[in-house]
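**Q** Could you have a look at this structure, given as structure tokens, before my questions?
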Amino acid sequence: MRQLIAGNWKMNGLTAEAEALAEAIREGVSNAQTPPAADLLLCPPFTAIATVARVLAGSGIAWGAQDCHMSDHGAHTGDVAPGMLRDLGASHVILGHSERRHHHNELDETVREKCVAAMRAGLIPIVCVGESEEQRAAGQEQDVVGWQIKGSLPDGFAGIVAYEPVWAIGTGRSATEEDVAAMHGFVRAELIRQLGEDAGAAIPVLYGGSVNPDNAGAILSLPEVGGALVGGASLKAHDFLSIIHHAETA
Ligand code: PGA
């Protein structure tokens, strides 16, 4: 299975900045001596998706969004339907990121409903799970992540899971290789237990949380790590390109 390196730009980038960043990444990838060994995805804020789509069209780099609504249309002021994202050529949508779970009170149930709507619209959901610092300190990381998987993934889930320990997001403090390996092994076992042998084994599991050019090589070479969801380092073309290179050499 090819790894996926996904950039989560979060709430960053006016259209001119988004355009420049997408162009720098497209150029960097096409000027590299070898084509990337990983699949690549950029998830800009909603307002920059059309701009990024124009830059990336035909490049082989995919684009997606960071959230969507669970309805196809209707009276939902301020929300964006999954079909609207498909309309812009988006292929993926990040769902249940911890920043949405915490700042917008998204429950597993909400994430599951969004997932169903995204898949119905033809988007590949990237469902984020991960324990908080307190939960890890209490030794509850597997319980928490197991419940999140059970609650957030609908029947027939055909998407991607991202394990992102909350305490590692945006802190510069990524999980240790031992922790990543242990949690990815656990997530894989849980996916197989909950979805069945074939479906559970086929789901890529990304790691996210302070991935940078220095730690990407080690993280991406761990078993059961199907790629990376990169926040801060995806806003710098040079750093993101160097992370991509680690996927190639992993
Ligand atoms: P980070 O963010 O790489 O800045 O830690 C990762 C994420 O939130 O997806």
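The values are calculated or read from the model by the stated rules, or taken from the named source; none is laboratory data. In this text the structure is predicted, and so the values were computed from the model without any measurement. We place every Cβ from the backbone using ideal geometry, glycine too, and count neighbours over all the protein chains shown. Heavy atoms of the whole protein, side chains included, go into the accessibility calculation; ligands, DNA and RNA do not. Shrake-Rupley method; radii C 1.70, N 1.55, O 1.52, S 1.80 Å.
**Q** How much accessible surface area, in Å² rounded to 10, belongs to the heavy atoms of His92 with a 1.4 Å probe?
**A** Here the residue's solvent-accessible area equals roughly 20 Å².
**Q** Here is a follow-up. Expected output is a single nm value to one decimal: the length gained when fully extending between Lys236 and Ala158, i.e. 0.36 nm times separation in residues minus the C-alpha distance. What is it?
**A** So the extension gain works out to 25.0 nm.
**Q** Now, a different point. Rounded, prolate or oblate: which fits segment 100-188, taking a ≥ b ≥ c as square roots of the Cα gyration tensor eigenvalues, rounded meaning a/c under 1.5, else prolate when a/b beats b/c?
**A** prolate
**Q** Would you mind getting me the FRET efficiency between Met1 and Asn31? Use the beta-carbon distance for r and R0 = 22 Å, nearest 0.05.
**A** For R0 = 22 Å, the calculated efficiency reads 0.25.
**Q** Modelled label-to-label distance, Trp147 and Ser221, 7 Å Cα→beta-carbon offset: nm?
**A** Here the answer is 3.7 nm between the modelled labels.
**Q** Considering only protein heavy atoms, with the full assembly of protein chains and a 1.4 angstrom probe, order Thr47, Thr77, Thr15 by accessible area, largest first.
**A** Solvent-accessible surface, decreasing: Thr77, Thr47, Thr15.
**Q** Among Ser152, Ser234, Ser132, determine the one that fluctuates most according to a GNM of the chain built with springs between C-alpha atoms less than 10 Å apart.
**A** Ser132
**Q** Could I ask something else about it? Report P(r) for the chain: all Cα-Cα distances, bin width 5 Å, range 0 to the bin holding the largest distance, values in whole percent.
**A** That works out to 1, 7, 15, 19, 21, 18, 12, 6, 2, 0, in percent per bin.
**Q** What does the extension gain come out to for Thr15 and Ala202, with contour length at 0.36 nm per residue minus their alpha carbon separation?
**A** The span from Thr15 to Ala202 would gain 63.7 nm if fully extended.
**Q** Sticking with this one: Per 0.36 nm of contour for each residue apart, how much would the distance between Arg120 and Thr176 grow if the chain were fully extended, relative to their Cα-Cα spacing?
**A** 16.5 nm
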